[in-house]
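Read-outs: derived from the displayed coordinates by stated rules, not from any lab. Worth saying up front: this structure is predicted, and the values here are computed from it rather than measured. Virtual Cβ from ideal backbone geometry, glycine too; neighbours counted across all protein chains shown.
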Amino acid sequence: MRPAAVRGSLGCSPIALRVLGVVVEHRHRFWWEIVLACLSAVLAVLTAFVPDWIELVFRVDPDGGSGSVEWLVVVALAGCAVISAWAAWREHLATARGS
């Protein structure tokens, strides 16, 4: 285990990322935000192009075939992707300034 001075400010061990020759150590929070942003974006695009996957996977048709629920899901997932990417960017900036 790393000494407390080397670990991140939240007590979790940072993960190193090389950016333009500078080592920036990101906490696990940054990586979870990146994963959430990517997953949300992929699901938003999938839902926009193949909206029937929701009915196929969950075996329900909550909107009676109008497609309104699917578009609501697309908007919600796209919003989640944008917010998660923004949070990861803020985390990156805070980590880069602190090192």
Checklist entry - Under a Cβ-Cβ cut-off of 13 Å, what is the net charge of the residues other than F58 that fall near it, where Lys and Arg count +1 and Asp and Glu count -1? => result -4
Checklist entry - To the nearest 20 debye, what charge dipole does region 28-98 have about its Cα centre, counting +1 at the Cβ of each Lys and Arg and -1 at the Cβ of each Asp and Glu? => result 480 debye
Next on the checklist: Can you compute log10 of I(q)/I(0) for region 28-98 with the Debye formula, treating each Cα as one identical point scatterer, at q = 0.15, 0.17, 0.27 Å⁻¹?
Outcome noted: -0.55, -0.64, -1.08
Checklist entry - Can you list the residues of region 64-87 with backbone N under 16 Å from a point 7 Å past the Cα of L56, pointing along Cα to Cβ? => result 70
Checklist entry - Which ³J(HN,Hα) values in Hz, rounded to whole numbers, follow from the phi angles of region 53-59 under the Karplus curve 6.51 cos²θ - 1.76 cosθ + 1.60, where θ = phi - 60° and Gly and Pro get x? => result 5, 5, 5, 5, 6, 9, 6
Checklist entry - Taking 0.36 nm per residue of separation and subtracting the Cα-Cα distance, what length does fully extending A76 through L39 add? => result 12.1 nm
Item to check | Proxy reagent accessibility, fewest Cβ within 10 Å first, across T95, T47 | outcome: T95, T47
Next on the checklist: Need the full-extension length gain, W32 to W86, defined as separation in residues times 0.36 nm minus the C-alpha distance. One decimal, nm.
Outcome noted: 18.2 nm
